[in-house]
Amino acid sequence: MASPVIDALQWRYACKVFDPCREIPEATWNDLEQSLVLTPSSFGLQPWKFLVVRDKALRESLVPAAYNQRQVADCSHLLVLAVPRIMEEAHIDANIQRMVEVRGGTADALAGFRKMVCGFRSGMAARDGALEQWAKLQAYLALGQFMLAAALHGVDACPMEGFAPAKFDEALGLTGRGLTTAVLCPVGYRSPDDRYAGLPKVRFEAGDVIEHL
């Protein structure tokens with residue numbers, strides 16, 4: 001039986017050459033943005049900001065900070081997944097207020113939850129860089145969900161860790177906001193000149209990586 005999910009995953013690859021003349025339709029992009037919004041996260045805290053860079057001049061200026069990888073400039077949309085270096089308790093309170101708005105009830109009724117999450121935050125904050133690393137792991141959940149959504153829409157993506165975070169942070173105004181770039185994901189449509197598009201996908205057999213206990 002055909003599976004749209006598996007078909008999409010077989011189709012996708014890390015696009016090396018985008019067609020700079022093709023743009024993602026607004027309706028499709030709106031769906032992809034919603035896939036980011038709907039990403040699950042630890043405690044439901046959503047410790048991230050998603051920057052969508054569409055300005056071509058800005059994207060071009062970022063190429064050197066991406067080690068001259070043209071994907072950041074030639075894509076339709078450049079998604080920058082940023083995270084807080086140190087998540088403040090104010091973020092926890094904002095999340096609780098949002099829970100009250102959506103589900104009803106009161107913040108006082110969630111006092112036990114707040115105490116637990118603040119305790120988690122304090123424990124992580126006591127270890128240098130631990131909160132930032134935790135937030136980056138959460139951002140990768142968003143990246144995975146976004147890439148699957150893109151593939152289901154026939155949109156190409158290229159997850160990228162090859163960049164200079166400090167240079168991206170400065171160019172995008174993140175430094176003064178307590179945020180840092182975690183990972184990039186240019187998206188758009190593959191160029192017919194990308195020789196990687198037609199290569200067979202290399203993966204271990206399921207039996208080599210999956211164990212049933």
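The values are calculated or read from the model by the stated rules, or taken from the named source; none is laboratory data. Fair warning: this is a prediction, and the values are worked out from it, not measured in the lab. A quick note on method: Cβ atoms are made from the backbone with ideal geometry, for glycine too, and the neighbour counts reach across all protein chains shown.
Suppose we keep only residues that are among the basic types (Lys, Arg) and under 30 Å from CYS185 (Cα atoms) within the stretch 79-130. Which one would you say is surrounded by the most Cβ atoms within 10 Å (Cβ to Cβ)?
ARG121
When you scan the stretch 168-193, how many residues do you find that are under 16 Å from the mean Cα position of the chain (by Cα) and not hydrophobic (A, V, I, L, M, F, W, C)?
Final tally of qualifying residues: 5.
Here are some conditions: (1) more than 19 Å from LEU152 (Cα to Cα); (2) free of Cβ contacts under 8 Å to residues at least 60 places away in the same chain; (3) in contact with a Phe, Trp or Tyr (Cβ under 9 Å, 6 or more places away or on another chain); (4) not acidic (Asp, Glu). PRO84 meets all but one. Which one does it not meet?
(2)
Select from the stretch 42-78 the residues that are over 15 Å from the mean Cα position of the chain (by Cα) and aromatic (Phe, Trp, Tyr) and write down the one among them that is surrounded by the most Cβ atoms within 10 Å (Cβ to Cβ).
Looking at residues that are over 15 Å from the mean Cα position of the chain (by Cα) and aromatic (Phe, Trp, Tyr), I get PHE43.
Filter the stretch 122-171 for residues that are in contact with a helix residue (DSSP H, G or I) (Cβ under 6 Å, 6 or more places away or on another chain) and modelled with pLDDT under 95 and give the result.
Across the stretch 122-171, the qualifying residues are MET124, ALA125.
Output the residue which, of all residues in the stretch 92-142 that are among the hydroxyl-bearing types (Ser, Thr, Tyr) and assigned to a helix (DSSP H, G or I), is nearest to VAL80 (Cα to Cα).
TYR140
In the stretch 79-108, how many are over 22 Å from LEU137 (Cα atoms) and basic (Lys, Arg)?
2
Tally up the residues in the stretch 148-205 that are small (Gly, Ala, Ser) and either closer than 18 Å to ASP7 by Cα or part of a strand (DSSP E or B) (or both), please.
Summing the residues that are small (Gly, Ala, Ser) and either closer than 18 Å to ASP7 by Cα or part of a strand (DSSP E or B) (or both) in the stretch 148-205 gives 9.
Scanning the stretch 156-167 for residues that are under 16 Å from the mean Cα position of the chain (by Cα) and hydrophobic (A, V, I, L, M, F, W, C), which turns out farthest from SER61 (Cα to Cα)?
ALA157
Here are the criteria: (1) part of a strand (DSSP E or B); (2) surrounded by fewer than 18 Cβ atoms within 10 Å (Cβ to Cβ); (3) of a type outside the set (Asp, Glu). Tell me which single one GLN145 does not satisfy.
Only one criterion in (1) part of a strand (DSSP E or B); (2) surrounded by fewer than 18 Cβ atoms within 10 Å (Cβ to Cβ); (3) of a type outside the set (Asp, Glu) is unmet by GLN145, namely (1).
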